[in-house]
Amino acid sequence: MTVALLGVGGLLVWGIHQRLQDGAKTAVLRAGKQVVPVEVVAIEHGPIDWLRTFTGTLEARAEFVVAPKVGGRLERLNADLADEVTRGQVVAVLDDAETVQAVARARADLEVARASRAEARSLLEIAERELKRIEQLRERGVISESQRDAAKAEELAKLAAMEVTKAQVARAEAELEAARIRLGYTQVAAGWRGGGDRRVVAERYVDEGETVAANAPLLRIVELDPITGVFFVTEREYGRLRHGQDVMISTDAFPGETFQGVVQRIAPVFRESTRQARVELRVSNRELRLKPGMFVRATVLLGREAEAVIVPEQALTTRDGRKGVFVVDPQGTSVTWREVRPGIRQGDRVQIQGEGLEGKVVVLSQQMLEDGASIRISGERTVTAP
């Protein structure tokens, strides 16, 4: 009896085990044929632009420091921080009492030199008349040769004295002109060559009443219209940039606004430390809203593909280290893995190259898919070009 019961129990256990194995096999089969819900997007065919956005900063197109050529007490500043100045405008005035006196002294010295010249001219005229008279008397035999020689020597001495006084006058005139120039240096002007006729004071270094030395900095003046944008590019983008290329500038200081610029200079060398080249932009800034030091984003059109196959970047997925997309079959019930080569990116759209790229691609749930997997389309997105 006991043996029979054990046999029956063994059969029951074996049956239960067999059913569990069958159930597991069925579950595996069902899992292999699982229908995955996905979202899809239609593959686009059309143009796409390669827009590349670089980050950079703004710099003043030109700047210089105003400094006096002579020292003295600063009596007045005619410009201050953020003030606009024009070409040739007097921006500072130094105490000119000493230079005014120097001019007066030089003018007096010139008058003395001119008087000496006038006296020398009169003495020379007398000596010339005396020589002429003696020569007439000698022709009549009244005057000896030695007397004639003495008169000639006197005439030559007076002529030399005349030349000396001419030199003294010239020196006095030069000293007077130098004194006048030094007096003009007390009027410190903001003069520059090239560029526009207006600039802006970026920094003030002194206050009125201070005594400044010659060549001491007073003001830093910069040119802001146009302003220069600077960014750096790698070798990949370098060859696609050219002089005169249009650039759109944006900055956090003015959200939602863009400013027009053009590529003005491209460095002919790369920095060894970063392997990047400097690019300078000319940006119109007539209202002077853009300032040096601002962080900017510069968007440049580096290329354009007129006929491209385009999908959302979200459609790209990686299998075994290769990029690809899952293309939906015409019936919309399964997918095929297609390896692709990504190209131009424009926002969240990307150009792809490969075989069999027609119809729709999966943009959601790719991680659950393999080549030939069954799908159920739960939604279809519409993607519009930017």
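The values are calculated or read from the model by the stated rules, or taken from the named source; none is laboratory data. In this text the structure is predicted, and so the values were computed from the model without any measurement. For neighbour counting, all protein chains shown are included, and Cβ atoms are generated from backbone atoms with ideal geometry for every residue, glycine included. Heads up: the accessible areas ignore ligands, DNA and RNA and are worked out on the full protein's heavy atoms, side chains in. Shrake-Rupley method; radii C 1.70, N 1.55, O 1.52, S 1.80 Å.
Results for (1) closer than 30 Å to GLU287 by Cα; (2) outside any strand (DSSP E or B); (3) touching a helix residue (DSSP H, G or I) at 6+ places or on another chain (Cβ under 8 Å); (4) modelled with pLDDT under 95, shown as yes or no for each residue.
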position	(1), (2), (3), (4)
LEU159	no, yes, yes, yes
MET162	no, yes, yes, yes
ALA170	no, yes, no, no
ALA174	no, yes, no, no
ARG182	no, yes, yes, yes
VAL188	yes, no, no, no
GLY194	yes, yes, no, yes
ARG199	yes, no, no, yes
ALA202	yes, no, no, yes
Looking across the range 243-287 at residues that are in contact (Cβ under 8 Å) with a residue 40 or more places away in the chain and touching a helix residue (DSSP H, G or I) at 6+ places or on another chain (Cβ under 8 Å), the single one that is farthest from PHE232 (Cα to Cα) is ARG275
Every listed condition ((1) within 30 Å of THR228 (Cα to Cα); (2) touching a Pro at 6+ places or on another chain (Cβ under 8 Å)) holds for LEU302 save (2)
Within the range 43-85, residues farther than 28 Å from GLU98 by Cα, in a loop (DSSP other than H, G, I, E, B) and out of contact with any Ser or Thr (no Cβ under 6 Å at 6 or more places or on another chain) come out as ILE43, ALA60, LEU81, ALA82, ASP83
Within the range 115-167, the residues that are of a type outside the set (A, V, I, L, M), closer than 30 Å to ALA102 by Cα and surrounded by fewer than 18 Cβ atoms within 10 Å (Cβ to Cβ) are GLU119, ARG121, GLU163, LYS166
Cβ pairs under 8 Å, 6+ apart or interchain, first in the range 42-60 and within 30 Å of GLY356 (Cα to Cα) and of a type in the set (Val, Ile, Thr), second open to solvent by less than 30 Å² (accessible area, probe 1.4 Å) and assigned to a loop (DSSP other than H, G, I, E, B), ordered by first then second residue, are ILE43/LEU357
Per the filter on the range 51-77, residues open to solvent by 60 Å² or more (accessible area, probe 1.4 Å) and over 23 Å from the mean Cα position of the chain (by Cα) are LYS69, ARG73, GLU75, ARG76
Going through the range 278-308 in order, the residues found to be of a type in the set (Asp, Glu) and open to solvent by 60 Å² or more (accessible area, probe 1.4 Å) are GLU287, GLU305, GLU307
Here, strands (runs of 3 or more DSSP E) confined to the range 278-377 with at least 1 residues that are closer than 19 Å to THR53 by Cα are 295-312, 341-346, 349-353
Within the range 175-215, residues surrounded by 14 or more Cβ atoms within 10 Å (Cβ to Cβ), within 29 Å of ALA104 (Cβ to Cβ) and hydroxyl-bearing (Ser, Thr, Tyr) come out as TYR185, THR186
Checked the range 309-335 for anything open to solvent by 50 Å² or more (accessible area, probe 1.4 Å) and within 13 Å of VAL361 (Cβ to Cβ); matches are GLU313, GLN314, LYS323
Residue hits (the range 239-250; open to solvent by less than 70 Å² (accessible area, probe 1.4 Å) and in contact with a Phe, Trp or Tyr (Cβ under 8 Å, 6 or more places away or on another chain)) are ILE249, SER250
For the range 136-146, indicate whether the set of residues that are on the phi > 0 side of the Ramachandran plot and either without any contact (Cβ under 8 Å) to a residue 40 or more places away in the chain or small (Gly, Ala, Ser) (or both) is non-empty. yes
Listed by first then second residue, the pairs whose first member lies in the range 167-183 and is in contact (Cβ under 8 Å) with a residue 60 or more places away in the chain, whose partner is open to solvent by 80 Å² or more (accessible area, probe 1.4 Å), with beta carbons under 6 Å and at least 6 positions apart or on separate chains, are LEU176/ARG107
